[in-house]
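Read the structure below first, then the notes.
The values are calculated or read from the model by the stated rules, or taken from the named source; none is laboratory data. Just so you know, these numbers come straight off a predicted model, no measurement behind them. As a convention, Cβ positions derive from the backbone with ideal geometry for all residues, glycine included, and neighbour counts pool all protein chains shown.
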Amino acid sequence: MLNIIWPAFIIISVLYAFIGGNIEEVSNGIFESSSSAVELTITFFGTICLWNGIMEIAKRTSLMDKITKLLRPLIHFLFPELKNNKQANEEISMNMVANLLGLGNAATPLGLKAMQTMQKENPKKDTLTNSMAMFIVLNTASLQLIPTNVIAIRSSLGSHSPSGIILQVWIATIVAAVVGITATKILMKRF
Amino acid sequence: MQIVHFLSATAIPMMIVIIIAYGIKEKQKVFDIFLEGAKEGLQIVIQLFPTLLGIFLAVGLLRSSGVLDFVIQLISPITNLLQIPSQILPLAMLRPISGSASMGVAVDIMQQYGVDSIIGSITSTIMGSTETTFYTIAIYTACVKIKKIRFVLAAALLADLAGMITSVIICQFLS
């Protein structure tokens, strides 16, 4: 996708500037953009490495197991068909906890394992089951307690209150998740 | 509002303390583990850099050439009607397609309009509350060789749209 969008952006911009007569500004902009990418990356080294370090500690403690237990009723509601599949339940809840803690890198491998476990009981191997569909939609909804990446970017950019958007993110995420879950529950009966 | 501010400000330090306290209670070598995780973070940032560079180039060109202003002006009647700041539209369109590209665009918007402005808050909220939908669906189905994804794309994009609209409304409401 970006193999089409990226060159299109560049070619259109240069042509437009050529016709509009501000090609000089565009020329200066090219080098400015590369140095601002470097500047941002340098601040990312601090913020992103810091979070990754803290979250690595969380991953090694029993904190994950504790939250997993709290999620059990929710998982029963979302995945009624997996009532007797203990392994799938466990992997799904670990994926959800990793997502909640903002551990994207840990969440994906856990999620893929859950998909493989659910695939074992799938009668039609080339089609998603209801549970798999629900699981994917949940993963695209980005349920997060602490949006660590966004906070890291905001502090890199010199925000006065990098974490000041947490409440907004919670509300938006919950609305997105509820819409996704409802749509999935309705659509799975028809399609 | 003050409570919200207080909760936002305490959430992160509290979380760090709780995590470290748990690590100590369970007799983990917390500092060594921290170093390991931070080292992994280096890798993430290094991998992100080429994408950031490429996106900054393309978006920077769009902006300095005047194309972006032209497009924003073109669609502003629709966005005004829906009360959506048109400056966030490039983000809304890229968000489901590419994680690192949308991060580049988000940073560009926040630098341009101010990270603490309403547009900056909306941009942050969208980044925090949505995912790279296409990528997620692709890897989750590819790993089990599934071809028929039924309604999943529609449901996921609907959830993204709901998240984005909520971001716009809630940030304007809370500011």
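Look at residue A:187 and say whether it is more than 29 Å from residue B:15 (Cβ to Cβ) and at pLDDT 95 or above.
Taking the combined requirement at face value, the residue satisfies it.
Which one of these is basic (Lys, Arg), without any contact (Cβ under 8 Å) to a residue 40 or more places away in the chain, in a helix (DSSP H, G or I) and surrounded by fewer than 18 Cβ atoms within 10 Å (Cβ to Cβ): A:189, A:125?
That would be A:189, the only listed residue that is basic (Lys, Arg), without any contact (Cβ under 8 Å) to a residue 40 or more places away in the chain, in a helix (DSSP H, G or I) and surrounded by fewer than 18 Cβ atoms within 10 Å (Cβ to Cβ).
Residue B:113 - would you say it is more than 7 Å from chain A (Cβ to nearest Cβ), modelled with pLDDT under 90 and either more than 20 Å from residue A:144 (Cα to Cα) or surrounded by fewer than 23 Cβ atoms within 10 Å (Cβ to Cβ) (or both)?
Taking the combined requirement at face value, the residue does not satisfy it.
Just the residues that are more than 14 Å from chain B (Cβ to nearest Cβ) and acidic (Asp, Glu), please, taken from region A:37-92.
Within region A:37-92, A:81, A:90 meet the criteria.
Go through the residues of region B:83-92 one by one and say whether even a single one is more than 8 Å from chain A (Cβ to nearest Cβ), assigned to a helix (DSSP H, G or I) and β-branched (Val, Ile, Thr).
yes
Taking region A:6-26, which residues are within 21 Å of residue B:50 (Cα to Cα) and either within 7 Å of chain B (Cβ to nearest Cβ) or surrounded by 14 or more Cβ atoms within 10 Å (Cβ to Cβ) (or both)?
A:6, A:9, A:10, A:13, A:26
Return the residue satisfying two criteria in turn: it lies in region A:1-57 and is under 23 Å from the mean Cα position of the chain (by Cα) and of a type in the set (S, T, N, Q), and of such residues it is nearest to residue A:158 (Cα to Cα).
Looking at the filtered set, the residue picked out is A:43.
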